[in-house]
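Report on the following structure.
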Amino acid sequence: MKLEQPTPELPVADVKAAQRYFRDFMGFEIGWFHPEGAIGAVSHGNCAIFFRETKGEIHPATFWIFSADVDEAHAELAARGADIVDPVDDKPWGLRQFTVKDFNGNLFHFHHDLSDSETGT
């Protein structure tokens, strides 16, 4: 069996608004929208996110997104006006990361592993 990256499905009040937000502030491309299912998708490289319209309460979640160049990702998202709630930094758990919060309160930790030489281990 060969598995690929999981694709999260986020509950949102408005699928098209979520797609526009991720396009404008986070650099994703709008993939598709299906009005009957009230579902749509965005993607950036191999990273895809589905959105499904919900009438209920939305509970924010946390996601980890690997980036080969986290500093470049940070610069691009900052330039787009993304809500960076934790700036790029080397973390004691061996990752270089920063965190973005979307308009529904979901957290996205963009990260890459630090090499042994960078962490001093």
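Annotations for the structure displayed:
- Index of the failed condition, Ser117 passing every other in (1) modelled with pLDDT of 95 or more; (2) not in a loop (DSSP other than H, G, I, E, B): (1)
- Candidates Lys55, Lys16, Lys2, filtered to the one that is over 26 Å from Ser115 (Cβ atoms), of a type in the set (D, E, K, R) and surrounded by 12 or more Cβ atoms within 10 Å (Cβ to Cβ): Lys16
- Qualifying residue in the range 61-77 (condition: within 26 Å of Glu4 (Cα to Cα), among the charged types (D, E, K, R) and touching an Asp or Glu at 6+ places or on another chain (Cβ under 7 Å)): no
- Test: residue in the range 44-51 that is exposed (fewer than 13 other Cβ atoms within 10 Å of the Cβ), more than 18 Å from Gly105 (Cβ to Cβ) and either at pLDDT below 95 or touching a strand residue (DSSP E or B) at 6+ places or on another chain (Cβ under 8 Å) (or both): yes
- Of the residues examined, Ala78 is one that is touching a strand residue (DSSP E or B) at 6+ places or on another chain (Cβ under 9 Å), surrounded by 12 or more Cβ atoms within 10 Å (Cβ to Cβ) and free of Cβ contacts under 8 Å to residues at least 40 places away in the same chain.
- Per-region count, the range 3-44, residues within 14 Å of the chain's Cα centre (by Cα), more than 22 Å from Ala73 (Cα to Cα) and assigned to a helix (DSSP H, G or I): 0
- Lone qualifier among Ala38, Ala48, Ala68, Ala18 - being free of Cβ contacts under 8 Å to residues at least 40 places away in the same chain and not aromatic (Phe, Trp, Tyr): Ala38
- Test: Asp71 is in a strand (DSSP E or B), more than 13 Å from the chain's Cα centre (by Cα), surrounded by fewer than 14 Cβ atoms within 10 Å (Cβ to Cβ) and at pLDDT 95 or above: no
- Qualifying residue in the range 108-120 (condition: without any contact (Cβ under 8 Å) to a residue 24 or more places away in the chain, of a type outside the set (Asp, Glu) and either closer than 23 Å to Lys16 by Cβ or crowded, with 17+ Cβ neighbours inside 10 Å (or both)): no
- Residue within the range 51-64 that is assigned to a loop (DSSP other than H, G, I, E, B) and touching a Leu at 6+ places or on another chain (Cβ under 6 Å) present: no
- Qualifying residue in the range 86-95 (condition: crowded, with 17+ Cβ neighbours inside 10 Å and at pLDDT below 95): no
The values are calculated or read from the model by the stated rules, or taken from the named source; none is laboratory data. For clarity, every value in this text was computed on a predicted model and none was experimentally measured. Positions of Cβ are backbone-derived with ideal geometry, glycine not excepted, and every protein chain shown enters the neighbour counts.
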